[in-house]
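Data first, discussion second: the structure below is written as structure tokens.
Every number in this text was worked out from the coordinates using simple rules, so none of it is lab data. Model, not experiment: these values are computed from the prediction. Cβ atoms come from the backbone with ideal geometry, glycine included; neighbour counts cover every protein chain shown.
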Amino acid sequence: MTDWKFSKLPKIEEDNGSKMNFWSLRMFLTLLVLIMFPLAHSAAQQHQSKHVVIIDPAHGGSDIGVKVSDKEYEKDITLAISLSVKKELEKIGNMRVQLTRASDKLVSFSDRKKIATSTRGELFVSIHINAGFGKNSSGYEVYFPGGRDAQTEQSNSKEILKDMARNKSLNDSIRLAQLIQKNMDSVFPRKSRGIRDAPIPLLEGLSIPAVLVEIGFATNPEDRKKMIDGSTQNSIAHALYQSIKDFY
């Protein structure tokens with residue numbers, strides 16, 4: 001009996017050691033997963049929680065827009081302002097800004113919409129310069145897509161939900177337009193021409209809040225002088241930045 005016990009003891013100790021090593025490894029891996037998963041989950045949540053804003057500099061490439069000065073066209077000024085808006089918004093941390101163009105290139109309306117859709121944009125702001133109506137016309141104005149009345153009799157629940165989504169998007173578009181109107185007043189005091197709804201092809205079909213901003217008239221000498229000034233362009237960009245920040 002004595003010999004048997006001693007011959008078995010090493011085997012028992014070896015099994016216990018193996019079990020101890022197994023459970024230690026399992027515990028270590030469990031703790032590692034518990035530590036790493038929240039970090040990865042938190043990083044994923046942080047990425048997903050960023051608001052995706054689409055800034056659309058009008059025109060580009062061969063589509064020059066209106067002539068503002070001997071050297072500058074609408075496409076140049078809208079791009080400069082858009083780049084400044086992007087730079088300011090991305091300092092916040094919870095914003096990701098997608099430009100429909102980041103250089104002097106031609107982008108069609110349909111491609112601009114595709115960019116908004118593919119990047120899961122939450123907000124769409126298109127920047128333009130006005131012209132026409134004589135030299136006396138001046139000031140800025142903000143357009144939102146014209147709403148259509150919901151159907152009076154709807155039996156299709158999907159259509160009802162679509163109308164509800166459209167109504168929310170329309171209301172949010174109006175709210176954003178009002179914010180832009182208010183903040184642009186600091187750049188062009190008492191120059192607001194109001195906010196207006198209109199059937200704008202660029203904005204049609206978008207299911208997110210969307211506005212088009214006409215920042216001034218290239219045909220008005222005073223507006224033109226301000227729009228080609230770098231500091232005024234920065235002020236316009238800041239007004240748009242503040243409006244988007246206030247929206248959220």
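Things worth noting here:
- Distance between the 7 Å Cα→Cβ label points at residue 62 and residue 133: 3.1 nm.
- Order of 67, 105 - criterion: other Cβ atoms within 10 Å of each residue's Cβ, fewest first: 105, 67
- Gyration tensor (alpha-carbon) shape descriptor, region 197-245, a/c threshold 1.5: oblate
- For the pair residue 186 and residue 70 in one chain, pulling the backbone fully straight at 0.36 nm per residue adds 39.0 nm over the alpha carbon distance.
- Cα-projected label distance for residue 109 with residue 229, points at 7 Å along beta-carbon direction, nm: 3.5
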